[in-house]
């Protein structure tokens, strides 16, 4: 049973750390509500100041936080974590 709906808009990122040796990072944002509710933006090639303007909708069923991660997409090796933070849903729904 859904207790609420969370709408998240990822607008942009600025001054990201470059995780690539050649070229610039290819960042994307991953939103994690729980292990069954994970959504991601499209990656932006060679861009440390990407604009996304992508919207995501989550059904809230008692989860306590939304984890926001920024990753560098790699084609050969594993993707690199650029940064992350948690948003307490109690602060969003108060």
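The values are calculated or read from the model by the stated rules, or taken from the named source; none is laboratory data. As the structure is a prediction and not an experimental result, all values here were calculated from the model. Counting neighbours? That spans all protein chains shown, and the Cβs are built from the backbone with ideal geometry, glycine included.
Some notes on this structure:
- Residues of the range 39-68 that turn out to be surrounded by 14 or more Cβ atoms within 10 Å (Cβ to Cβ), within 12 Å of the chain's Cα centre (by Cα) and in a strand (DSSP E or B), as a count: 8
- Selection count where residues are over 16 Å from residue 84 (Cα atoms) and either surrounded by 14 or more Cβ atoms within 10 Å (Cβ to Cβ) or in contact with a helix residue (DSSP H, G or I) (Cβ under 6 Å, 6 or more places away or on another chain) (or both), scope the range 27-38: 1
- Meets criteria (at positive phi and part of a loop (DSSP other than H, G, I, E, B)) for residue 20: no
- Flag set for residue 85, criterion: part of a strand (DSSP E or B), surrounded by fewer than 17 Cβ atoms within 10 Å (Cβ to Cβ) and without any contact (Cβ under 8 Å) to a residue 40 or more places away in the chain.
- Count of residues meeting criterion [touching a strand residue (DSSP E or B) at 6+ places or on another chain (Cβ under 7 Å) and over 17 Å from residue 69 (Cβ atoms)] in the range 1-39: 6
- Scanning the range 1-22 for residues that are more than 30 Å from residue 93 (Cα to Cα) and either at pLDDT 95 or above or exposed (fewer than 10 other Cβ atoms within 10 Å of the Cβ) (or both) yields 21, 22.
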